[in-house]
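The values are calculated or read from the model by the stated rules, or taken from the named source; none is laboratory data. All values derive from a computational prediction rather than experimental measurement. Counting neighbours? That spans all protein chains shown, and the Cβs are built from the backbone with ideal geometry, glycine included.
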Amino acid sequence: MSTPPLNRLLTEAEDYPFVRLERRVKELSPADREPIRFSAGDPREETPAFIRDTVRDAIPVVSTYPTVTGDPALRVAFTGWYQRRFGVTLDPERHVLPANGSKEAVFLLGLAVLSREPDARRTVVIPTPAYPVYEHGTRFAGGEVHRVPLDRANGWRFDPASVPDEVWARTALLWLNDPHNPTGSVLDVAAYQRITRLARRFGFWIAGDHAYDELWFDPAHRPGSLLEHGLENAIAFHTLSKRSAMTGYRSGFMAGDERLIAALRRFRPSVGVATPEFVQKGAIAAWSDDAHTVTLRERYAAKRARFLDYFARRGWRVEASVATFYLWMRVPDGDDVGFVERLIRAGVVATPGSYLGAGGEGFVRWALVPTLAECDEALRRLDAVADTVTR
């Protein structure tokens, strides 16, 4: 019997990093306690009540397909928030488009900008370690990945001078994640200016993934937006997942160069539509309110302070990590996988840096997403095994 074909990327590639990690959690976790997970960036904070109430009240009696462009009031909410947050004026008809969270839109962008024609640009530049979906989306779209390892010498920030001109000349797309997952670093204005000049000189797109733009703790490290430096050649991704503790609602948007937004508007009917209309109503409420983000940020700040204090007492060094709910911690003996496996045996789960790409070896990413009470319990569990973890 002959075997039907499958895309070789599905048969040859490794499992998604968090699938591999969860397999180890099942194998190594103690039987007498539920593991506390600091691995996936899935907040355990409650979605604000006013958002939940809005969604509940908007559930219709008769369901209909959403449109690709979404509720006009939702697009106005996007642009209103952008003006308040970044001082950037966007046209709700030309510059924004809703997305099912940002993960799906990030994965599909390569299909929109990469061509398989012989003379087409197919290189995608990805600073690494990185969110794995940038590379996965590139490869499924037939692109070629050019990785740029980040390191502590540059504060875990992308330096465009590290990419030769001959690479830029064949580049179709550059991915920027700011604030950066997994390290928590933040790009400065000068870096953005250099990057946007290069994009307009060489003619490639820049994608700014700003999923953590409201998670900052010091005004000196308040994240900006790629679009503050002009819309030309640029697209930015934003989501309510982290901003409003709405990961399960799958609600976000894309904004930027009207040429690319128009192309995506033509492309997206083939792959999907906006989120359900009752979710859109909740999103309108969320994007229209800024006060709840302050409350959520204060909760992360409290958890962050506890962990930074604990790590300092143990001599576990944290690097970058000025924004996001992540802490990028150097492993004492350099074995990030072994370190995490010892944590799992104590009932605590974090992510090995090597699971997130080249440059992550020897580091562990802590996602401070459990509740404050769960964080306190995790620190007690760590305390019981700290000496064996350190050595």
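Looking only at residues in the range 104-146 that are touching a strand residue (DSSP E or B) at 6+ places or on another chain (Cβ under 7 Å) and aromatic (Phe, Trp, Tyr), which one is farthest from Leu187 (Cα to Cα)? Applying the filter and picking the extreme gives Tyr134.
Is it true that Ser185 is under 15 Å from the mean Cα position of the chain (by Cα), in a helix (DSSP H, G or I), hydroxyl-bearing (Ser, Thr, Tyr) and within 26 Å of Thr293 (Cβ to Cβ)?
Details: under 15 Å from the mean Cα position of the chain (by Cα): yes; in a helix (DSSP H, G or I): no; hydroxyl-bearing (Ser, Thr, Tyr): yes; within 26 Å of Thr293 (Cβ to Cβ): yes.
No: the conditions fail for Ser185.
So which of Leu6, Leu10 is part of a helix (DSSP H, G or I), modelled with pLDDT under 95 and on the phi < 0 side of the Ramachandran plot? Let's see the steps before the verdict.
Details: Leu6 fails: part of a helix (DSSP H, G or I).
Leu10 is the lone residue from the list that is part of a helix (DSSP H, G or I), modelled with pLDDT under 95 and on the phi < 0 side of the Ramachandran plot.
Considering the range 277-385, the qualifying helices (runs of 4 or more DSSP H), each wholly inside and each with 1 or more residues that are polar (S, T, N, Q), run over 277-287, 291-314. Just wondering, is there one or more residues in the range 236-256 that are more than 16 Å from the chain's Cα centre (by Cα), in a helix (DSSP H, G or I) and either in contact (Cβ under 8 Å) with a residue 24 or more places away in the chain or buried (at least 24 other Cβ atoms within 10 Å of the Cβ) (or both)? Among the residues of the range 236-256, not one is more than 16 Å from the chain's Cα centre (by Cα), in a helix (DSSP H, G or I) and either in contact (Cβ under 8 Å) with a residue 24 or more places away in the chain or buried (at least 24 other Cβ atoms within 10 Å of the Cβ) (or both), which makes the answer no. Among the residues in the range 325-333, are any of a type in the set (Lys, Arg) and under 27 Å from Lys26 (Cβ atoms)? Within the range 325-333 (the criterion being of a type in the set (Lys, Arg) and under 27 Å from Lys26 (Cβ atoms)), the answer is no, since none of the residues qualifies.
Going through the range 317-342 one residue at a time, which ones are within 27 Å of Glu298 (Cβ to Cβ) and either free of Cβ contacts under 8 Å to residues at least 40 places away in the same chain or not polar (S, T, N, Q) (or both)? Let's see the steps before the verdict.
Taking the range 317-342 first, the residues within 27 Å of Glu298 (Cβ to Cβ) are 317-329.
Scanning the range 317-342 gives Arg317, Val318, Glu319, Ala320, Val322, Ala323, Phe325, Tyr326, Leu327, Trp328, Met329.
Filter the range 305-319 down to residues that are closer than 19 Å to Ala386 by Cβ and touching a Phe, Trp or Tyr at 6+ places or on another chain (Cβ under 7 Å), then give me how many there are.
Step one: of the range 305-319, the residues closer than 19 Å to Ala386 by Cβ are 305-318.
Now drop any that are not touching a Phe, Trp or Tyr at 6+ places or on another chain (Cβ under 7 Å), which leaves 307, 318.
Qualifying residue count, the range 305-319: 2.
For the range 348-366, enumerate the residues that are more than 18 Å from Arg317 (Cβ to Cβ) and either surrounded by fewer than 22 Cβ atoms within 10 Å (Cβ to Cβ) or of a type in the set (Ser, Thr, Tyr) (or both). Matches in the range 348-366: Tyr355, Ala358. Evaluated against (1) buried (at least 19 other Cβ atoms within 10 Å of the Cβ); (2) in the same structural domain as Ala77 (by TED's automatic domain parsing), Lys303 falls short on exactly one condition, (2).
Taking the conditions (1) in a strand (DSSP E or B); (2) without any contact (Cβ under 8 Å) to a residue 60 or more places away in the chain in turn, Pro118 satisfies each one other than (1). The residue that is surrounded by the fewest Cβ atoms within 10 Å (Cβ to Cβ), counting only those in the range 306-315 that are at pLDDT 95 or above and over 16 Å from Arg380 (Cβ atoms), is Ala312.
If a residue counts only when it is in contact (Cβ under 8 Å) with a residue 40 or more places away in the chain, in the same structural domain as Ile235 (by TED's automatic domain parsing) and surrounded by 13 or more Cβ atoms within 10 Å (Cβ to Cβ), which helices (runs of 4 or more DSSP H) contained entirely in the range 14-99 have at least 3 such residues? Can you show your working first?
Details: elements: 17-28, 49-58, 72-86.
Result: 72-86.
Going by what's in this entry, would Ser63 be described as at pLDDT below 95 and closer than 19 Å to Ser241 by Cα?
no
Hey, does the range 283-293 have a residue that's surrounded by fewer than 15 Cβ atoms within 10 Å (Cβ to Cβ), modelled with pLDDT under 95 and of a type outside the set (Asp, Glu)? No, the conditions are met nowhere in the range 283-293. Do we find a residue being under 19 Å from Val322 (Cα atoms), among the acidic types (Asp, Glu), modelled with pLDDT of 95 or more and not assigned by TED's automatic domain parsing to the domain that holds Asp42 anywhere in the range 142-153? Within the range 142-153, not a single residue is under 19 Å from Val322 (Cα atoms), among the acidic types (Asp, Glu), modelled with pLDDT of 95 or more and not assigned by TED's automatic domain parsing to the domain that holds Asp42. Residues in the range 110-126 include at least one that is within 14 Å of Ala358 (Cα to Cα) and touching a helix residue (DSSP H, G or I) at 6+ places or on another chain (Cβ under 6 Å).
The set of residues from the range 147-166 being free of Cβ contacts under 8 Å to residues at least 12 places away in the same chain and either touching a strand residue (DSSP E or B) at 6+ places or on another chain (Cβ under 7 Å) or in a loop (DSSP other than H, G, I, E, B) (or both) comprises just one member, Pro164.
Can you pull out the residues in the range 1-33 that are among the acidic types (Asp, Glu) and over 26 Å from Ser354 (Cβ atoms)? Passing the criteria: only Asp32. Which one is surrounded by the most Cβ atoms within 10 Å (Cβ to Cβ), of the residues in the range 140-194 that are among the charged types (D, E, K, R) and within 21 Å of Gly110 (Cβ to Cβ)? Out of the qualifying residues, it is Asp178.
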